[in-house]
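Enquirer: Sharing a structure below in structure tokens format, with a few things to ask.
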């Protein structure tokens, strides 16, 4: 099933064009890496896919429905199906404890207390952060913060999980743990979309790579095709 269809999407910040002519289809169950140099438009595209902001022009379809109204109330049912983990986990970890951060989303979804507790238990067990639940987020390491931020999105049980730069600034062990979590979520049936400029983590992880540069999609293909094209990677400042 096709989850997203983006047709000729463009977007600008303060009159500076950061996305231009984006055409993209994403199917349920895919694991996609959006790669490109800094400033390529990767993070902006994720925010568009998360319906955090409307494009300047073009059309977005989600699960067969054209999205015309980007007001929060109109998007409430759709936003429950998608979740975005920002590059900086401190953006999402703002409560006195990790447990409260994990509860924040489900509370605002209107879930019962027992259901919220069950989701926190399940997600913290899967991500192996049970020992962090009662700690203040600012005491955590970078790797622990990243896992807690992912957990805070997973407690809302989105169908689509997006993670911006999932392994940035992490030590090797934390990188392996995050990669393992993403792979586990994908095998569990979620659609996973990540943005990164670290090619070494995606070769055996994703099934599709989208290269962006200067706000445009340069290439869209499988890992073998794209990672084997040295000239393409050099031209887009990826190696």
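Enquirer: Step by step: first the residues of region 185-201, then only those that are in contact with a strand residue (DSSP E or B) (Cβ under 9 Å, 6 or more places away or on another chain) and assigned to a loop (DSSP other than H, G, I, E, B), then the one that is nearest to residue 85 (Cα to Cα). Which residue is that?
Expert: 190
Enquirer: Still on this structure, please answer the following. Any idea which of (1) assigned to a helix (DSSP H, G or I); (2) farther than 21 Å from residue 80 by Cα is the one residue 182 doesn't satisfy?
Expert: Only one criterion is unmet by residue 182, namely (2).
Enquirer: Pull up region 65-82, narrow it to residues that are out of contact with any strand residue (DSSP E or B) (no Cβ under 8 Å at 6 or more places or on another chain), closer than 20 Å to residue 107 by Cα and not in a loop (DSSP other than H, G, I, E, B), then point me to the one that is modelled with the lowest pLDDT.
Expert: Among residues in region 65-82 that are out of contact with any strand residue (DSSP E or B) (no Cβ under 8 Å at 6 or more places or on another chain), closer than 20 Å to residue 107 by Cα and not in a loop (DSSP other than H, G, I, E, B), the one modelled with the lowest pLDDT is 72.
Enquirer: Further question: Under 13 Å from the mean Cα position of the chain (by Cα) and over 22 Å from residue 44 (Cα atoms), is that true of residue 162? If you could, list the steps in order and put the result at the bottom.
Expert: Numbers: under 13 Å from the mean Cα position of the chain (by Cα): yes; over 22 Å from residue 44 (Cα atoms): no.
No, not satisfied.
Enquirer: Of the residues that sit in region 92-117 and are assigned to a helix (DSSP H, G or I) and in contact (Cβ under 8 Å) with a residue 40 or more places away in the chain, which one is surrounded by the fewest Cβ atoms within 10 Å (Cβ to Cβ)?
Expert: This residue is 104.
Enquirer: Of (1) over 24 Å from residue 51 (Cα atoms); (2) in contact with a strand residue (DSSP E or B) (Cβ under 7 Å, 6 or more places away or on another chain); (3) assigned to a loop (DSSP other than H, G, I, E, B), residue 204 satisfies all except one. Which?
Expert: The number of the failed condition is (2).
Enquirer: Across region 1-48, what is the number of residues that are more than 20 Å from residue 222 (Cα to Cα), surrounded by 21 or more Cβ atoms within 10 Å (Cβ to Cβ) and out of contact with any strand residue (DSSP E or B) (no Cβ under 6 Å at 6 or more places or on another chain)?
Expert: Adding up the residues that qualify gives 1.
Enquirer: How many residues are free of Cβ contacts under 8 Å to residues at least 12 places away in the same chain and either over 22 Å from residue 30 (Cα atoms) or not in a loop (DSSP other than H, G, I, E, B) (or both) when one looks only at region 211-228?
Expert: Selection size over region 211-228: 2.
Enquirer: If only one of 26, 60, 48 is in contact (Cβ under 8 Å) with a residue 12 or more places away in the chain and more than 22 Å from residue 207 (Cα to Cα), which one is it? Spell out how you get there, then give the answer.
Expert: Numbers: 26 fails: more than 22 Å from residue 207 (Cα to Cα); 48 fails: more than 22 Å from residue 207 (Cα to Cα).
Criteria check complete, one pass: 60.
Enquirer: Keeping to region 157-169, report how many residues are surrounded by fewer than 19 Cβ atoms within 10 Å (Cβ to Cβ) and either under 17 Å from residue 199 (Cα atoms) or touching a strand residue (DSSP E or B) at 6+ places or on another chain (Cβ under 7 Å) (or both).
Expert: So the count comes out to 3.
Enquirer: Where in region 1-40 are the strands (runs of 3 or more DSSP E), entirely inside, with at least 3 residues that are more than 18 Å from residue 52 (Cα to Cα) and modelled with pLDDT of 95 or more?
Expert: Working: elements: 2-13, 16-27, 31-35.
Ranges flagged: 16-27, 31-35.
Enquirer: Which of the residues belonging to region 129-140 are in contact (Cβ under 8 Å) with a residue 24 or more places away in the chain, under 21 Å from residue 180 (Cβ atoms) and out of contact with any helix residue (DSSP H, G or I) (no Cβ under 6 Å at 6 or more places or on another chain)?
Expert: 140
Enquirer: Here's another thing I want to ask about it. In region 145-176, which residues are part of a helix (DSSP H, G or I) and modelled with pLDDT of 95 or more? Walk me through it before giving the result.
Expert: Pass one, region 145-176, residues part of a helix (DSSP H, G or I): 145-154, 172-176.
Across region 145-176, the qualifying residues are 145, 146, 147, 148, 149, 150, 151, 152, 153, 154.
Enquirer: Let me ask another. Would it be correct to say that residue 183 is surrounded by fewer than 18 Cβ atoms within 10 Å (Cβ to Cβ) and within 15 Å of the chain's Cα centre (by Cα)?
Expert: So residue 183 fits the description; yes.
The values are calculated or read from the model by the stated rules, or taken from the named source; none is laboratory data. Just so we're clear, the structure is a prediction, and the values are computed from it rather than from any experiment. FYI the Cβ positions are ideal-geometry reconstructions off the backbone, even for glycines, and counts take in every protein chain you see.
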